[in-house]
1. Out of the range 249-274, which residues are over 12 Å from H216 (Cβ atoms), part of a loop (DSSP other than H, G, I, E, B) and hydrophobic (A, V, I, L, M, F, W, C)?
2. Could you tell me whether the range 23-39 includes any residue that is in contact with a strand residue (DSSP E or B) (Cβ under 7 Å, 6 or more places away or on another chain), touching a residue at least 60 places away in the same chain (Cβ under 8 Å), of a type in the set (S, T, Y) and open to solvent by 10 Å² or more (accessible area, probe 1.4 Å)?
3. Quick one: in the range 43-59, of everything that is more than 21 Å from P84 (Cβ to Cβ) and within 16 Å of ligand 2 (Cβ to nearest atom), which residue is most open to solvent (accessible area, probe 1.4 Å)?
4. Does L87 satisfy being aliphatic (A, V, I, L, M), away from ligand 1 (no atom under 16 Å from the Cβ) and surrounded by fewer than 21 Cβ atoms within 10 Å (Cβ to Cβ)?
5. Out of the residues in the range 227-277 that are within 16 Å of ligand 2 (Cβ to nearest atom) and β-branched (V, I, T), state the one that is surrounded by the fewest Cβ atoms within 10 Å (Cβ to Cβ).
6. Search the range 95-114 for residues being small (G, A, S) and away from ligand 2 (no atom under 12 Å from the Cβ), and hand back the single one that is modelled with the highest pLDDT.
7. Looking at the range 133-162 only, could you name the residues that are open to solvent by less than 50 Å² (accessible area, probe 1.4 Å), outside any loop (DSSP other than H, G, I, E, B) and of a type outside the set (V, I, T)?
8. Confirm whether G105 is surrounded by fewer than 21 Cβ atoms within 10 Å (Cβ to Cβ) and under 22 Å from the mean Cα position of the chain (by Cα).
Amino acid sequence: MTASLTILRPDDWHLHLRDGAMLQAVAPESARHFGRAIIMPNLVPPVVTGAEAAAYHRRINAALPQDSAFTPLMTLYLTEETDPEDLAAAYHDGIITAVKLYPAGATTNSASGVRNFDKVRPVFERMADIGCPLCVHGEVTDPEIDIFDREAVFIDRILDPIRRATPGLRVVMEHITTKQGADYAQSGGPDLGATITVQHLMLDRNDMLAGGMRPHYYCLPILKRREHREALRAAATSGHSQIFLGTDSAPHPTHAKESECCSAGCFTAPVALSCLAHVFEEENALDQLETFASRNGPAFYRLPENTQTVTLTKGAPVTLPETVRMGQVSVTVFDPGHPLHWSVTAQS
Ligand code: DOR
Ligand code: ZN
């Protein structure tokens with residue numbers, strides 16, 4: 001039995017840090033163990049220009065602990081008004097690493113997203129020219145489509161046509177949740193990547209809905225059937241070079257989760273590595289954890305791997321924080337519903 005595992009410091013290729021008091025509360029949680037993270041731009045109002053991304057980058061750095069080496073990698077929020085020249089300049093200057101596509105209405109703070117994909121064709125063309133990755137929230141917003149089918153329908157109706165029409169466009173399917181997503185990502189060639197979250201590896205919709213409704217497991221795309229979770233686990237542990245970690249850690253105040261209309265998002269950052277080691281051990285694939293969490297992401301984003309390491313050790317059940325304080329309110333930390341035995345015990 002492996003009781004200790006040292007891997008290159010992981011990165012988080014999909015993270016929500018928010019702003020203001022929430023940013024102050026949650027930034028240290030990701031900075032503790034992760035080297036870098038792709039920072040989602042769905043603030044209110046969203047981060048739509050290079051100048052706004054640069055300003056948000058400064059606010060994140062100011063919220064990090066003094067000795068932190070954590071690097072936030074910024075994104076722009078794509079709107080139908082996005083200026084390809086501003087985008088290209090921000091990418092060229094290293095202000096942004098990627099651009100995020102939210103179909104309007106698909107999820108939290110997506111109202112400024114894209115309704116008519118033809119309107120952003122020139123932006124896609126420019127991104128293909130300069131090699132800037134497009135991070136995609138892959139769900140259709142058609143109210144006629146069942147929420148559990150929205151990812152699979154998005155691939156057929158929107159994503160595949162965009163990719164065919166824009167050769168060379170580098171796309172990351174964010175937080176895939178289905179077998180269809182995993183299959184498409186693994187057969188898409190070097191210009192297609194996909195991230196998988198902690199909660200979609202650990203849970204299926206029964207965990208959220210059977211025997212009582214658990215709001216802290218509600219996120220978008222929504223948890224799917226068991227067979228989809230199995231497909232995601234197979235993809236994550238396969239070592240396939242296009243599949244990597246993006247936690248989608250998405251903090252909301254506890255009162256916004258435990259409410260009549262629960263906000264979507266699981267706050268996994270503080271427990272992400274303990275959860276991942278648990279999953280990879282269950283799959284007899286601890287030897288693939290580093291590939292998924294620390295190697296495939298930088299390879300896709302054409303960045304160097306981290307040189308520092310983290311050591312995970314297995315022992316007695318770990319006591320994990322239940323909440324993180326944000327001033328007067330709390331943010332509930334993801335709890336998979338069973339003990340976790342792995343924790344980070346050393347870092348270099
Ligand atoms: O569950 C989610 N929460 N999914 C998203 O796409 C957005 C995120 C958030 O910002 O809270
Ligand atoms: Zn997200």
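The values are calculated or read from the model by the stated rules, or taken from the named source; none is laboratory data. Since the model is a prediction, treat every value here as computed from it, not as a measurement. Glycine also receives a Cβ, built like all others from the backbone with ideal geometry; neighbour counts cover every protein chain displayed. Side chains included, ligands, DNA and RNA excluded: accessible areas come from the protein's heavy atoms. Shrake-Rupley method; radii C 1.70, N 1.55, O 1.52, S 1.80 Å.
1. Within the range 249-274, just C261 meets the criteria.
2. Taking every residue of the range 23-39 in turn, none turns out to be in contact with a strand residue (DSSP E or B) (Cβ under 7 Å, 6 or more places away or on another chain), touching a residue at least 60 places away in the same chain (Cβ under 8 Å), of a type in the set (S, T, Y) and open to solvent by 10 Å² or more (accessible area, probe 1.4 Å).
3. V44
4. In short, no.
5. Step by step, filter the range 227-277, then rank; the result is T268.
6. A98
7. Of everything in the range 133-162, those that are open to solvent by less than 50 Å² (accessible area, probe 1.4 Å), outside any loop (DSSP other than H, G, I, E, B) and of a type outside the set (V, I, T) turn out to be L134, C135, E151, A152, F154, L159, D160.
8. Details: surrounded by fewer than 21 Cβ atoms within 10 Å (Cβ to Cβ): yes; under 22 Å from the mean Cα position of the chain (by Cα): yes.
When the stated conditions are applied, G105 passes them.
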